[in-house]
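One structure is given here, and the rest of the page talks about it.
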Amino acid sequence: MLSEPREAGPTTALMRKAYARWAPVYDVVYDKLTEPAARDAVEAAVANGRRILEAGVGTGLSLGYYPASCELYGVDLSEDMLRRARRKVLRRGLSHVKGLQVMDVCRLGYADASFDAVVAQFLITLVPDPEAALGEFLRVLRPGGEIVLANHFGQDGGAVARVEEIVAPLCSKIGWSSDFKAARIEAWARRNGVAFIGVRPTFPGGFFKILRMRKAA
Ligand SMILES: C[S@@+](CC[C@H](N)C(=O)[O-])C[C@H]1O[C@@H](n2cnc3c(N)ncnc32)[C@H](O)[C@@H]1O
């Protein structure tokens, strides 16, 4: 199993640096804001079975939302974020968390068909090559398993799209670009024979979405 990305390119180094800075304050800023979306994503994922991979697990805000019957694995580029996730596991006795490793989601060190579901929350729009990450999620997923994404995706038009244009400079600073549309993921699913189950809005006011896809059985 890989414990480090094979190549730590400039984007990887920048991402690690950014999250080394975010790590100490991350939970204070994001916990309450992302909790409803995280709970929705977890609920969708666990309906597929016990073995779950959380890609870009960060400080592990959602680890406690999984039922104790799960076998949960988490990966992240940032050791600074993962250190906080490990502390949560110890402090709260989250024995369903079986592994937390430094790993690039575009080069997962797991065998094919290892998981019943792969969850990625607030990750996919940050990855320089999201299709490569999705390809890896698909590879490690068992046939019939689900990819569940929680994220902000830009609207194609209407009033919300106009508000997004106004707040775009602020959102892009924290990785919530409205340029990234769910349609990009839907197109990837179509090209790869993956069933696009759908996108549904969640808190706050539909700004975050839960996107689900199923691997052919
Ligand atoms: C916005 S945070 C979300 C963390 C967590 N999923 C949550 O909802 O609280 C994004 C996380 O993705 C990680 N990340 C970014 N690119 C990654 C990559 N290529 N492979 C693994 N993790 C990555 C960052 O280090 C960071 O911890």
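Some points to look at:
- Within the range 38-114, the trypsin sites (Lys or Arg not before Pro) that combine a DSSP coil assignment with at most 16 other C-beta atoms in a 10 angstrom radius are Arg50, Arg107.
- If a spin label sat at a point 7 angstrom from the Cα of Arg83 along the line to its beta carbon, the backbone N atoms of the range 99-120 nearer than 15 Å would be those of 102.
- Placed amide H near Phe208: partners under 5 Å, 5+ positions off or other chain: Thr202
- Approximating the spin labels as points 7 Å out from Cα along Cα→Cβ, the Glu71-to-Arg190 distance works out to 3.7 nm.
- Going by neighbour counts of Cβ atoms within 10 Å, the residues Ser114, Ser95 line up, fewest first, as Ser95, Ser114.
- Under the span-like rule (Cα at least 24 Å along the axis, Kyte-Doolittle mean at least -1.0), DSSP H helices of the chain: 26-46
- Note on Leu90 and Ala217: the model spin-label points, each 7 Å out from Cα along the C-beta direction, lie 4.4 nm apart.
- Over the chain, dividing the summed -39,500 (n - 2.57) contributions of all DSSP H runs of at least 4 residues by the number of residues returns a 222 nm mean residue ellipticity of -12500 deg cm²/dmol.
- Antiparallel DSSP beta bridges within the range 10-214, as percent of all bridges there, nearest 5: 40
- Greater than 30 Å apart at Cα, pairs in Lys98/Lys209; Lys17/Lys98; Lys98/Lys181: Lys98/Lys181
- Of the residues Val25, Val118, Val148, the one with the fewest other Cβ atoms within 10 Å heads the list, and the complete ranking is Val25, Val148, Val118.
Values quoted throughout were computed directly from the atomic coordinates according to the rules given, and no laboratory measurement underlies them. Note that the coordinates shown come from a computational prediction; the quantities given were computed from them, not determined experimentally. Cβ: placed from backbone, ideal geometry, glycine included. Neighbour counts: every protein chain shown.
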